[in-house]
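Participant: Quick one: this structure, given as C-alpha cells, is what I'll be asking you about.
Every number in this text was worked out from the coordinates using simple rules, so none of it is lab data. It should be emphasised that the depicted structure is a prediction, and the values quoted were computed from it without experimental measurement. So basically every Cβ, Gly included, is an ideal-geometry build from the backbone, and we count neighbours across all protein chains shown.
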Amino acid sequence: MRFIFLIIIGFLLYQFWPTVEENLGSSLGDSIKKGFHTVKDHTNLKELNENLTELESVLIPSPKPDGQQNLEDVEVDKPVLEEPTHQTFSISNIEIGDNKNEVEQKVGSPTRITLNEYGTKWFTYHQNYRNFLMISYNQEDQVAGIYTNQDLITSSNGIAHGTSKELVLQNLGEPIDKLQKGNVFYQLQDDRDYDLFLMDDSYVYIFYDKHQNNTVTAMQIISEQMEQKRVDFYTKESEGLKEGFEYQMFDLTNATRREHGLPILEWDERVKKTARNHSLDMAENNYFSHTNLAGQSPFDRMLEDDILFTVAGENLAYGQTSSIFAHEGLMNSLGHRENILKPEFRQLGVGVAFNATAQPYYTQKYYTKKM
C-alpha cells in the first residue's frame, strides 16, 4: 500500500508542479509598480531602488503592548448605532462630554494608552481591530476627543461613514480654513484631505477617501477647550510622544486593513528600530527620501540590520501634526495606499523622529519574514 501511495503522490507532483512553480514565481518575482515602494525579493537591490518613488510634498504619528495582538480573525458584532442626543455627531454612540466609566461599559477596557499631540492620552479600544476608536479624556474623566476610521459614525443630519463630500458640505456649510493658536492663525492647505468645522463647541475633522469617490472615511472630534490647550501647531518632541505616534500609526494601519477585509499585521520591534533610525537621519540632516545620504535603499538598510524578507515596502511622510493626519494622507496617495493594503505583508514597524522645529518624520517598514 505504501508503494502504491508513493506512486500516486509522485504522479500528482509531476502533473501539477509547473502550476505550483508558476504561482511561487508570481508571488516572489513581481517588479516594483509605479509609486509602489515594494520589492518582492532582496536581490538586485541597487537596480530596483532606482525605481522607487517618494512622497515629496508635505501633507498638512505608549508603551509597547504587553503581548502581541491575537491575529486570528474573530466575528465581532457591530454596535447598534443610535442618533446622537446632545451633539451633531457621535462615534460608536459616544459623544464629547460623556463619562469615562459609561464609555467603558459600552466598549470595554482600552487595548493601548499612548501620549498624543494635545498633551493628553489616546485610549484605544477595539476587538481585534474591529469597532476601532480612540478616545481622549479630560481631567474630569469626560470625553474630550474621539476618532474612528471605521463605520461607527452617526449624526443628526444623515452624515455617516461613506457619505459624499458634496453632501457633507450641503449639510454643514463652508468649512473653516484656518486654526488659531494664541495670537497666531495657521492657514490650512487648500488641497487637504479633510474639512474642518467648528460646531457644538468642538472642532470636527471629517476625512475623505479620494479613491472612494471622496466619501467620508474617518472623523476626529476635539473639544474646543482641548484644542486651545495645544498652544503651538507642532508639539514639542518627547520620547513618549514618539512612541505614541509610532503605535498610533500601527493601530490606524491595522484598523484600516480590517475595514478592507485584510489580515492585520504584527508589530516588529527590530524593523521599528530601522525605521526610526531613518526618520532620525532625515530629521537631523534635512532631507526626505527613501535613499539615505550614504546611497542606501530601504532594503539595504533592512539587510544591514539582518532583517531578511520575501516582500518589503516603505512609506514616508513628514510635517503632519499627528499619526492620524499622516495615515489619512498616505491612504490618499495611491502608491502608499497599496503598501498599507497589501495582503502579502505580515509585519510592520513604525519609526518617528522630530526635526529642530518639532516637525515629525514618519517611516513605515512593511515586510514578510523570510523563513
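Participant: Out of every Cα-Cα pair in segment 192-350, what percent are more than 18 Å apart? List each step's numbers first, then the result.
Facilitator: Details: 8048 of 12561 pairs.
Looking at segment 192-350, the distances longer than 18 Å represent 64 percent of pairs.
Participant: Which of rounded, prolate or oblate describes segment 258-371 when judged by the alpha-carbon gyration tensor and an a/c cut-off of 1.5? If you can, show how the numbers build up before the last one.
Facilitator: On the way: a/c = 1.94, a/b = 1.17, b/c = 1.66.
Oblate is the answer for segment 258-371, as a/c is 1.5 or above yet b/c matches or exceeds a/b.
Participant: What is the spin-label model distance, in nm, from Ala356 to Asn101 if the labels are put 7 Å beyond Cα along the C-beta direction?
Facilitator: So the label points at Ala356 and Asn101 sit 5.1 nm apart.
Participant: Using a basic spin-label model with each label point 7 Å from the Cα along Cα→Cβ, how many nm lie between Asn285 and Leu81?
Facilitator: With each label placed 7 Å out from Cα toward Cβ, I get 4.6 nm.
Participant: While we're on this one: Between Asp151 and Thr111, take the C-beta separation as r, use R0 = 25 Å, and let me know the FRET efficiency to the nearest 0.05. The partial results should precede the final answer.
Facilitator: On the way: r = 19 Å, r/R0 = 0.77.
Taking R0 as 25 Å, the efficiency between Asp151 and Thr111 is 0.85.
Participant: Going down the list Lys181/Lys365; Lys106/Lys342; Lys78/Lys165; Lys78/Lys370; Lys210/Lys342; Lys178/Lys236, which pairs span over 29 Å between their C-alpha atoms? Numbers along the way, then the final one.
Facilitator: Values: Lys181/Lys365 34 Å; Lys106/Lys342 32 Å; Lys78/Lys165 25 Å; Lys78/Lys370 36 Å; Lys210/Lys342 18 Å; Lys178/Lys236 21 Å.
Lys181/Lys365; Lys106/Lys342; Lys78/Lys370, as the Cα separations exceed 29 Å there.
Participant: Take Lys369 and Leu293, extend 7 Å from each Cα along the Cα→Cβ direction, and tell me the distance between the two endpoints in nm.
Facilitator: 3.5
Participant: Still on this structure, I have one more. So if I take the centroid of the Cα atoms in segment 273-298 and the same for segment 343-371, what is the distance between those two points in Å?
Facilitator: When both Cα centres are located, 11 Å separates them.
Participant: Let me ask another. Relative to a virtual label point 7 Å from the Cα of Asn213 in the Cα→beta-carbon direction, which members of segment 158-197 show backbone nitrogen distances below 17 Å?
Facilitator: Label zone hits: 159-170.
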